[in-house]
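What follows is a single structure, written as structure tokens, with notes after it.
Only the coordinates and a few stated rules stand behind these numbers; no lab work does. Nothing here was measured: the structure is a model prediction, and the numbers come from that model. Don't worry about glycine lacking a Cβ; one is built from the backbone with ideal geometry, like all the others, and counts go over all protein chains shown.
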Amino acid sequence: MRGLDESTDVLIRAGQSAGEQVRHGWDAFVNFAARDNVLEVALGLIIANAFTKVVTSFVSDVALPVVSLLPFLNRNMDQKFAVLSKGPNYTDGYNTVKQARDDGALVLAWGLFVETILNFLGVSLTLFAIAHLYMFISHNKIIKPTVRCRYCKKFISIEASRCLNCSSWQDGREDLPKSNEPATEEEDC
């Protein structure tokens, strides 16, 4: 059967072409993923995620229970809330935020908000401390102090002699009065 042989050849060629395309796509992905900066970013994100979980656990499981012992709080911070609008099955109050939300009440969960702010402060202050420790050990500045350019008001390095944005000199050369004398050849060089 001649037609069967031709269709078999077409299928074999299509399979080979698809295999080459998959192999080419895989090689392109490996070349992209194996770059140094992509691997560094991926590793940094994984470490940051784990670090954030540690700080969140510290704030939620260690710091906030101690704060909750204060006499005017008398319950966990994540259970501090205010009911703004009662739900349809409201009878004698709500015990938890989940119970109030399940009933359809409008809830201002200020305790969860305070917990989230404390988590953010914990993560940011710890990362700042780690950066300073790294700078102390390696003598490599990763936190660089900045100032505002006096002309364009953008932030530039404190060590910059010219602004990157407006190219003005930071030592005040533009503020000096210009003399009316014509420039000589020695001054042009």
Subject >> Over the chain, relative contact order from alpha-carbon pairs under 8 Å, at least 6 apart, % >> reply: 11 percent
Original post:
What is the magnitude of the charge dipole of region 61-134 about its Cα centre, with +1 placed on the Cβ of each Lys and Arg, -1 on the Cβ of each Asp and Glu, and no other charges, expressed in debye to the nearest 20?
Top reply: 100 debye
Subject >> Among (i) 16.7; (ii) 20.5; (iii) 25.2, the entry that matches Kirkwood radius over Cα pairs in Å as calculated here >> reply: (iii)
**OP:** Determine the dipole magnitude for the chain: charges of +1 sit on the beta-carbon of Lys and Arg, -1 on that of Asp and Glu, nothing else is charged, the reference point is the Cα centre, and the result goes in debye to the nearest 20.
**Re:** 900 debye
**OP:** Treating only the Cβ atoms of Lys and Arg (+1) and Asp and Glu (-1) as charged, compute the dipole magnitude of region 80-189 about its Cα centre; round to the nearest 20 debye.
**Re:** 720 debye
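Taking the highest mean first, how do the peptides 54-67, 127-140, 109-122 order by number of other beta carbon atoms within 10 angstrom per residue?
109-122, 54-67, 127-140
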Original post:
Along the charge dipole of the chain, which of 124, 113, 155 sits closest to the positive end, that is, farthest toward it, with unit charges on the beta carbon of Lys, Arg, Asp and Glu (+1, +1, -1, -1)?
Top reply: 113
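By the gyration tensor of its Cα atoms, with a ≥ b ≥ c the square roots of the eigenvalues, what is the shape of region 37-92: rounded for a/c under 1.5, prolate for a/b over b/c, or oblate?
It is oblate, given that a/c is not under 1.5 and a/b is not larger than b/c.
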**OP:** Quick one, could you list the DSSP H helices from the chain stretching 18 Å or more along their long axis (Cα atoms) with average Kyte-Doolittle hydropathy of 0.5 or above?
**Re:** 36-58, 110-138
**OP:** For residue 51 and residue 22, compute 0.36 nm times the residue count separating them, minus their Cα-Cα distance, and round to one decimal in nm.
**Re:** 6.7 nm
**OP:** Please name whichever of 29, 135, 19 sits farthest to the positive end of the charge dipole of the chain, dipole taken about the Cα centre and charges placed at Cβ: Lys and Arg +1, Asp and Glu -1.
**Re:** 135
